[in-house]
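To start, the structure under review is shown below, and the notes come after it.
The values are calculated or read from the model by the stated rules, or taken from the named source; none is laboratory data. Quantities reported herein were computed from a predicted structural model and do not represent experimental measurements. Ideal geometry is used to build each Cβ from the backbone, glycine not excepted, and the neighbour counts take in all protein chains shown. For the accessible areas, the whole protein counts, side chains as well, though only heavy atoms, and no ligand, DNA or RNA atoms are used. Shrake-Rupley method; radii C 1.70, N 1.55, O 1.52, S 1.80 Å.
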Amino acid sequence: MNAPKRIAILGSTGSIGTQTLDVIAEQHEHFEVEVLTANSNADLLIKQAIQYKPNAVVISDESKYEQVKEALFTHGIKVYAGEAALSQIVQMDSIDMVLTALVGYAGLKPTIECIKARKPIALANKETLVVAGELITELAKEKGVNIYPVDSEHSAIFQCLAGEFHNPIEKIYLTASGGPFRGKSKEFLLTVAKEQALKHPNWDMGAKITIDSASLMNKGLEVIEAKWLFNLKPEQIEVVIHPQSIIHSVVQFQDGSMKAQMGLPDMKLPIQYALGYPKRLKNNFQRFDFLKYANLTFEQADVETFRNLALAYEALHKGGNMPCILNAANEVVVQAFLQDKIRFLDMPEIIERCMAKILFVQKPSYGDYVETDKVTRIKALELTKKINTLAN
Ligand code: NAD
Ligand code: MG
């Protein structure tokens, strides 16, 4: 029996973070918690730290530092605060693996530091690969660091590729539930409220990814994520709508044979696979029952109505800093939509305008990504405000 793997969870208070803690609690012989981090939910971070006894925690919101420190001082848990601390903590010697479950661009810097410190990564934070996939994958290769996908579709592909190392991929099919607005028209989408968009049929997730799922941007981000994780050309990646979310994705090999990974929609399974790879650990998750699913159905994605998916493909084809522009604009518009400042269909509109307006860089450096993210946010915010004033 090996010593338990010591895990750092970036974003432990979120949907993926809390489910990762559930997995670790169930598999306590295999994993233990070394570091927990959160943006601003101090109460939950404190509760988690008292229960899981990490060596250290980081709260990004510095105004919460005193509260967390006071609560954890008697427990002997080190407390740090601020963005820079997040990038430093991942370098701790005692960490065996880092699970990146924070949301958005904020994951980029800590992920780079993880790789530099040669820590294997279980990656949920897809935005990092969207923003800077080339830089991240090249650095990971140089440092010999493995990145294990947590996203269910990419975990599915990774699982299908086990034992197929020498067999080239002809194509992959990323499945998508289609979200709460599957089959709806543009006219319908014009007036949808955030409460409707936040009701995902199959998955219970954080607010940002739930909106991304409703707009199909999530699938667009996943197409770009797949390109970098599996070294594919855009033409090799196809999206298929599969409303039941049972087949999590499919790999087609050169002989035409297709391998799919299936199971109930439960993120704990891909989380556990990424943490425990290459082992499949015994657990008591609910099992799939064929008789409860008489029909598994498939449809073409409607990229006319859900333009975000087409925009993501466009960004992927264009390359350079274009996916970074797409991501930054998307983070701004999703936030604005959640604050009722813009309408659902304003989102692709603003993203497209940012993609047309922001300076294109073919071979971006890290500094170029930082700059692109910054200027795109300013532009997207400006466009958001313009639309907002027009609406009032
Ligand atoms: P969430 O909003 O529920 O949780 C986000 C976590 O990150 C929280 O702990 C929060 O405190 C932390 N965080 C947010 N912003 C931060 C910042 N600026 N700096 C530091 N920490 C910050 O999100 P989630 O649904 O758990 O998703 C996390 C990531 O995993 C996203 O990239 C998402 O796309 C991906 N993902 C999620 C799911 C899912 O089922 N939830 C599935 C696949 C992939
Ligand atoms: Mg996914």
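When P54 is tested against (1) within 9 Å of ligand 1 (Cβ to nearest atom); (2) in a loop (DSSP other than H, G, I, E, B), exactly one condition is not met: (1).
Considered as a group, the residues in the range 346-380 that are outside any helix (DSSP H, G or I) and farther than 25 Å from F306 by Cβ include one that is least open to solvent (accessible area, probe 1.4 Å), and that residue is P364. Find the residue count for the range 194-204, including only residues that are surrounded by fewer than 19 Cβ atoms within 10 Å (Cβ to Cβ) and in contact (Cβ under 8 Å) with a residue 40 or more places away in the chain. So the answer is 5. Annotation: of all residues in the range 282-334 being polar (S, T, N, Q) and in contact (Cβ under 8 Å) with a residue 60 or more places away in the chain, the one that is surrounded by the fewest Cβ atoms within 10 Å (Cβ to Cβ) is N284. When K47, K69 are checked against the criterion of being more than 14 Å from ligand 1 (Cβ to nearest atom), over 24 Å from I136 (Cβ atoms), open to solvent by 60 Å² or more (accessible area, probe 1.4 Å) and not in a strand (DSSP E or B), a single residue qualifies: K69.
Out of I247, I169, one residue alone is within 16 Å of ligand 2 (Cβ to nearest atom) and either crowded, with 18+ Cβ neighbours inside 10 Å or without any contact (Cβ under 8 Å) to a residue 60 or more places away in the chain (or both). It is I247.
Yes/no per residue for (1) over 30 Å from V333 (Cα atoms); (2) more than 16 Å from ligand 1 (Cβ to nearest atom); (3) part of a strand (DSSP E or B); (4) touching a His at 6+ places or on another chain (Cβ under 6 Å):
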{"site": "W228", "(1), (2), (3), (4)": "no, no, no, no"}
{"site": "P243", "(1), (2), (3), (4)": "no, yes, no, no"}
{"site": "Q252", "(1), (2), (3), (4)": "yes, yes, yes, no"}
{"site": "L269", "(1), (2), (3), (4)": "yes, no, no, no"}
{"site": "L275", "(1), (2), (3), (4)": "yes, no, no, no"}
{"site": "K282", "(1), (2), (3), (4)": "yes, yes, no, no"}
{"site": "R287", "(1), (2), (3), (4)": "yes, yes, no, no"}
{"site": "L296", "(1), (2), (3), (4)": "yes, yes, no, no"}
{"site": "D302", "(1), (2), (3), (4)": "no, yes, no, no"}
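Only one of the listed residues (L221, L189, L174) is open to solvent by less than 10 Å² (accessible area, probe 1.4 Å) and away from ligand 1 (no atom under 16 Å from the Cβ). That residue is L189. Highlighted here are the helices (runs of 4 or more DSSP H) found entirely within the range 80-165 that include at least 1 residues which are open to solvent by 30 Å² or more (accessible area, probe 1.4 Å), out of contact with any Leu (no Cβ under 7 Å at 6 or more places or on another chain) and among the polar types (S, T, N, Q): 83-89, 126-143. The residue pairs whose first member lies in the range 100-112 and is touching a residue at least 60 places away in the same chain (Cβ under 8 Å), whose second member is buried (at least 24 other Cβ atoms within 10 Å of the Cβ) and charged (D, E, K, R), and whose beta carbons are closer than 7 Å, counting only pairs six or more residues apart or on different chains, are G104/E127; Y105/E127; G107/E127.
Just so you know, in the range 205-216 the residues that are within 12 Å of ligand 2 (Cβ to nearest atom) and part of a helix (DSSP H, G or I) include one that is surrounded by the most Cβ atoms within 10 Å (Cβ to Cβ), and it is D212. Of everything in the range 148-171 that is more than 13 Å from the chain's Cα centre (by Cα) and closer than 26 Å to V103 by Cβ, the residue that is nearest to ligand 1 (Cβ to nearest atom) is A156.
Any residue at all in the range 6-18 that is without any contact (Cβ under 8 Å) to a residue 40 or more places away in the chain, surrounded by fewer than 20 Cβ atoms within 10 Å (Cβ to Cβ) and either in a helix (DSSP H, G or I) or more than 16 Å from ligand 2 (Cβ to nearest atom) (or both)? For the range 6-18, residues without any contact (Cβ under 8 Å) to a residue 40 or more places away in the chain, surrounded by fewer than 20 Cβ atoms within 10 Å (Cβ to Cβ) and either in a helix (DSSP H, G or I) or more than 16 Å from ligand 2 (Cβ to nearest atom) (or both): present.
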